[in-house]
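**Q** Structure below; questions to follow.
The values are calculated or read from the model by the stated rules, or taken from the named source; none is laboratory data. Quick caveat: nothing in here was measured; it's all calculated off a predicted structure. Ideal geometry is used to build each Cβ from the backbone, glycine not excepted, and the neighbour counts take in all protein chains shown.
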C-alpha cells in the first residue's frame, strides 16, 4: 500500500535510458516523496499538535499540584486511589463498559441473524428503522431518555401504574440508575454491532453451510463450527472497539444522572469533567482521565492486531 | 412393544417431520424473525417517538398529567414556532451549522490529501504513519479534553465557538483518512499508470482520477465528519459557557434547563430539530455510509 506506482514506472524508465537518466530518476523519486510528505503534512501537524502533544501534556499536568506551581510526582494518582468516590468510579466504569458491551454484542448478534433470515429486498427498510437510535446525536436522544425517566412525569411509570405496579425511581437509586445508564448505552450502541455483524454474516460463503448440512450439522453446530469461527475476527474487532468507546463514554451519564445519586454512576470521563473543569483542579482531572489509558492501550493493541490480520486475510 | 419398534417409529416420524417441514420450518423461521424484528423496532423507537409526541404538547398539557402521556391529545406546533423565534436557539443553530461546515471541509481536505499520499505515493515512515492514524482514531475525546482545555486557554479560545473548529477535526480526520486509504488502495494501479503516461502530475491524478473514482468513500467519510461534528458533546460542554457561543447539543441543555423549571415541550422540540439534519442525511445516504463503515473496519 505504501509505494504503489514506483516499481513499474521506475522499471520502464531504467530500461529506456540506463545510466544517463539515473540522476533525473533520483530527483524524480525525491520529488515524489516530497510531494507525498507535503500532502500528508496537515495530517501530521494535526495529530502531532492536537493529539500527541495534548496526550504528553496530560501526563505532565497530572504530576502537578492543584495550582500547578510545583511537581508532585504520582501524588495525584495515589490521592485518587485512596478516595472512596474514585474507587466507585473505577468500579462503575468497568461495570458499565463490560455489561454494556456484552449486551450490545449479544443483542447485535441476534439482530444480525434476524436480519440475515429475512429476504434481502426487505432488509433495507428494517435496517433503516433499527439504525435510528444510532443516527440521532447521542446527546439529543439521551435527553429523550431523561424525560422518560423523569421522577414525576415518567411515562414508563405511567405504564407501570396502569398495570398496577408502584412507580420506580429510575434515576434516584444507585443500582436502578446504573442499570438505566447501561440500558441507554445498549440502546444507542446495538445498531452498530448489528451492521458490523450483518456484514460479516454476509461474507460467510454459503458452501460452508451446505457442506456442514451434508455432514449432518444442526443449527447449533452450524453456529459454533461455521458462523462463529468465520466471524471471530470481526467480533473481536467490534467488541474491543466498542469497549474503548463505551469505557470513555461521557454524554449519557453527564445528561442522565450527572454522576448522581451520591456520585455512584460517575464514569472516568464525567468524573474528570467534574473534577477538572467544574471544580477547576486541572491536574487532578487529568489524572482521572489518564486512569483510562492502560485499558485503552491494551484494547487498542488487540484491535490493531485484529485489523492487520483481517487485511492480510483479505489480501490472501 | 419392543424398544426396536418404538425407535423405528420414532426415526420414521422424525424423518417424515423433517421432509414435510423443511419448507414450513423455513416459513416459520421467517415469521419468527419478522415478529422478533417488530419487537426490537418498537423498543428502539420508543424514545424518539415519545420525544416527538412531547414536542407536540403544550406545557399545560404536560403538567396536567391527565390521561395517556404517550400521545399528544391536542397536537400543536407552538413549541417549534417559539423555538425558531428564540434568538438563543438561532445562535445555537447557526453556530452548529458554521462549525460543522468548516469541520467537514477542513477534515475532508486533510484526510483526502493524506490518504492519497499514504495509499499511493509513500515516503519514509508512511506505513507507520498509517498505523498511527488508526491508533489516533482509537484515542477518545475524554482522554484529551483537559489538556486541550489548557492549550485552548493559552490560545485565548476558551468560550469562543471557533475553538471547536480547531479541535473537531481531531475527531473526524483519523477515521476519514482510514476510510479513504481503503478506497484509494482498491483503485487499480493501471489507472494511475495510464494517467502518468498521459503526462498527469500527482495533483492532477488525485483530482481527476482518484476523487471521482472514490466518490462513495468520500461520501461515507463526509457523513462521518458531519455526524461527529454535529453531535459532539464533550468539547462544547467543556469549552463554551456563554449563550451566543454555544452549539445545539449543549445549548439546548444549558438554556432550556434552568433550575427546577424544565420546559419539556421546548426541550423535546429542540432535540427534534437538532436530530433532524443527521436523520435526513442518513435517510438518503445510509448505504454509502454503511459500506464505508464496514469496509473501514475490515480492510486496510
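**Q** Checking the condition in contact with a helix residue (DSSP H, G or I) (Cβ under 8 Å, 6 or more places away or on another chain) and modelled with pLDDT under 95, which residue from A:84, A:116 passes?
**A** A:116
**Q** What are the residues in the stretch A:256-274 that are part of a helix (DSSP H, G or I) and within 9 Å of another protein chain (Cβ to nearest Cβ), if any?
**A** Passing the criteria: A:268, A:269, A:270, A:272, A:273.
**Q** Working only within the stretch B:163-182, note down all residues that are farther than 14 Å from residue A:44 by Cα and free of Cβ contacts under 8 Å to residues at least 40 places away in the same chain.
**A** Passing the criteria: only B:166.
**Q** Would you be able to say whether some residue in the stretch B:95-116 is at the interface with chain A (Cβ under 7 Å from one of its Cβ atoms) and either free of Cβ contacts under 8 Å to residues at least 60 places away in the same chain or surrounded by fewer than 22 Cβ atoms within 10 Å (Cβ to Cβ) (or both)?
**A** The answer is yes, given that some residue of the stretch B:95-116 is at the interface with chain A (Cβ under 7 Å from one of its Cβ atoms) and either free of Cβ contacts under 8 Å to residues at least 60 places away in the same chain or surrounded by fewer than 22 Cβ atoms within 10 Å (Cβ to Cβ) (or both).
**Q** Quick one: how many residues across the stretch A:148-176 are surrounded by fewer than 21 Cβ atoms within 10 Å (Cβ to Cβ) and part of a helix (DSSP H, G or I)?
**A** 10
**Q** Tell me, which helices (runs of 4 or more DSSP H) wholly within the stretch B:162-270 include 2 or more residues that are within 11 Å of another protein chain (Cβ to nearest Cβ) and either under 21 Å from the mean Cα position of the chain (by Cα) or surrounded by fewer than 16 Cβ atoms within 10 Å (Cβ to Cβ) (or both)?
**A** Filter on the stretch B:162-270 gives B:163-185, B:189-197, B:215-231, B:234-239, B:248-256.
**Q** Let me ask you something else. Of everything in the stretch A:239-248 that's under 11 Å from residue A:189 (Cβ atoms) and facing chain B (nearest Cβ under 8 Å), which residue is surrounded by the most Cβ atoms within 10 Å (Cβ to Cβ)?
**A** A:241
**Q** Given the options A:263, A:215, A:281, name the one that is in the same structural domain as residue A:139 (by TED's automatic domain parsing) and at positive phi.
**A** From the options A:263, A:215, A:281, the qualifying one is A:263.
**Q** I'd like the full set of residues that are in contact (Cβ under 8 Å) with a residue 24 or more places away in the chain and more than 7 Å from chain A (Cβ to nearest Cβ), limited to the stretch B:134-161.
**A** Across the stretch B:134-161, the qualifying residues are B:137, B:141, B:145, B:152, B:157, B:158, B:159, B:160, B:161.
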